[in-house]
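Novice: Here it is, the structure in full.
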Amino acid sequence: MSSYKPHAIAGLIFALPFIPSVFYLFFALLGASIPDMDHHNNNNKVYSMFAIGIVLSILLFFYDGLSISALILVSLAVIFYLSKHRGFTHSFLGIGILSFLFMLMVMGFIPVLSRIFLSFGFNISSSFILLVILALLGYFVISRRYLYIYLLVLAIYLIIFPVDYTSIQWSMVLLTMFIGALSHIVLDLWTPAGLKVFKPFTDFKFHKGLAIILVVVWLLSSIFVLWNYGSFITYLNPLFMYT
Ligand SMILES: [Zn+2]
C-alpha cells in the first residue's frame, strides 16, 4: 500500500491497546512511517537526513564531544539509502533494529540538547526539548502532506500536557515504534506483491495469510493486556499523563 494515510491510521490503532498515555502515539506514528523510507519517493528525505546528520555530528563533536545520536541519524540514512524498496525495512529484523536505533537516537538527543540550551543560559522545559526532537524525527519520516498537522498536534499536545522526559518509559517507546512499523508490514502484506518478512533468513514471500495471523496475534495480545493491566482508557485517569 503506497498511500501514507492508511499506514498512519493503522499505526495509531495498533498501538492504542498498549500505550500507558496518548504521548506514545507519536512514536507509533513515527514507527508506521519508518518502513517506506526505503521508497525512492523519499530519497530527498534520506539525503537531508544524511546531510543534517553529518552537520550535527561535526557541530556536536566540537561543541559537546561525541554525539552518538547524530551518528545514528547518519547510519539510518545510509540504511534507508542502501535498502531496496520493500527489503530490509519491511522485514521483522529490520523494523526491530530500526525501532531500536530510533529509540536510542531520541534518548541520546535529550541530554545533548538540554546541555546546549543550558550553556546558552536557557533553562528549557522538558516538553520543549521533546518537541524539538520529535519535530526533527517527524520532519524526516512523516509524509510532507501531513507534516504540518503532525507538528501542530505535537506542539499543542506538549503545551497542554507537558511531558517530563525523566518519566518516559523507553521500553514503551521501543514497543510503540515497533508496533507502528508492524502495522505497516501487516498492511503491505495485504497487497498482491507480498513481503519477504523473514529476510535475511529466508527469501520466502509472505502474503495475506501472514497478515491475518499477525492481526489475530495483535488482537489476542491486546485483549490480554487490556484484561490484565487495563489501559489509559479503562482508568480514564491519567488520560494524558506521561507515566
Ligand atoms: Zn511499505
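The values are calculated or read from the model by the stated rules, or taken from the named source; none is laboratory data. What you see is a predicted model; the values in this text were computed from it and never measured. In this analysis, Cβ positions are derived from the backbone assuming ideal geometry, glycine residues included, and neighbour counts consider all displayed protein chains.
Novice: Return the residues of region 91-117 that are more than 14 Å from the chain's Cα centre (by Cα) and either closer than 23 Å to ILE185 by Cα or part of a loop (DSSP other than H, G, I, E, B) (or both); say none if nothing qualifies.
Specialist: Correct list: SER91, PHE92, LEU93.
Novice: For the list (1) surrounded by fewer than 19 Cβ atoms within 10 Å (Cβ to Cβ); (2) under 19 Å from LEU136 (Cα atoms), I need the number of the one condition that LEU66 fails.
Specialist: Result: LEU66 passes all but (2).
Novice: Scan (1) buried (at least 17 other Cβ atoms within 10 Å of the Cβ); (2) modelled with pLDDT of 95 or more for the single condition SER83 breaks and write down its number.
Specialist: It fails just one condition, (2).
Novice: Select from region 49-63 the residues that are at pLDDT below 95 and either within 14 Å of TYR139 (Cα to Cα) or of a type in the set (Phe, Trp, Tyr) (or both) and list them in ascending order.
Specialist: PHE61, PHE62, TYR63
Novice: What is the number of the single condition among (1) in a helix (DSSP H, G or I); (2) away from the ligand (no atom under 16 Å from the Cβ); (3) surrounded by 15 or more Cβ atoms within 10 Å (Cβ to Cβ) that PHE178 does not meet?
Specialist: Just one mismatch for PHE178, condition (2).
Novice: A further question on this structure: Just checking, which of SER167, SER119, SER143 is under 24 Å from PRO20 (Cβ atoms) and among the hydroxyl-bearing types (Ser, Thr, Tyr)?
Specialist: Numbers: SER119 fails: under 24 Å from PRO20 (Cβ atoms); SER143 fails: under 24 Å from PRO20 (Cβ atoms).
Result: SER167 is the single residue among SER167, SER119, SER143 that is under 24 Å from PRO20 (Cβ atoms) and among the hydroxyl-bearing types (Ser, Thr, Tyr).
Novice: For region 23-51, give me each residue that is surrounded by fewer than 18 Cβ atoms within 10 Å (Cβ to Cβ) and part of a helix (DSSP H, G or I).
Specialist: Correct list: HIS40, ASN41, ASN43, ASN44, TYR47, SER48, ALA51.
Novice: Please state which one of SER21, SER2, SER33 is modelled with pLDDT under 90, polar (S, T, N, Q), touching a helix residue (DSSP H, G or I) at 6+ places or on another chain (Cβ under 9 Å) and within 16 Å of the ligand (Cβ to nearest atom).
Specialist: SER2
Novice: Further question: For region 196-216, indicate whether the set of residues that are free of Cβ contacts under 8 Å to residues at least 12 places away in the same chain, over 20 Å from SER91 (Cβ atoms) and in a loop (DSSP other than H, G, I, E, B) is non-empty.
Specialist: Looking for residues that are free of Cβ contacts under 8 Å to residues at least 12 places away in the same chain, over 20 Å from SER91 (Cβ atoms) and in a loop (DSSP other than H, G, I, E, B), one finds none in region 196-216, hence no.
Novice: Hey, any hits in region 117-130 for a residue that's out of contact with any Pro (no Cβ under 7 Å at 6 or more places or on another chain) and touching a residue at least 60 places away in the same chain (Cβ under 8 Å)?
Specialist: Looking for residues that are out of contact with any Pro (no Cβ under 7 Å at 6 or more places or on another chain) and touching a residue at least 60 places away in the same chain (Cβ under 8 Å), one finds none in region 117-130, hence no.
Novice: Among the residues in region 91-106, are any farther than 21 Å from VAL173 by Cβ, away from the ligand (no atom under 16 Å from the Cβ) and aliphatic (A, V, I, L, M)?
Specialist: No.
Novice: A further question on this structure: Of all residues in region 63-89, how many are within 16 Å of the ligand (Cβ to nearest atom) and either touching a Lys or Arg at 6+ places or on another chain (Cβ under 7 Å) or in a helix (DSSP H, G or I) (or both)? Let's see the steps before the verdict.
Specialist: Here is the first cut: in region 63-89, the ones within 16 Å of the ligand (Cβ to nearest atom) are 79-80, 83-89.
This time we only want the ones that are either touching a Lys or Arg at 6+ places or on another chain (Cβ under 7 Å) or in a helix (DSSP H, G or I) (or both), so: 79-80, 87-89.
Selection size over region 63-89: 5.
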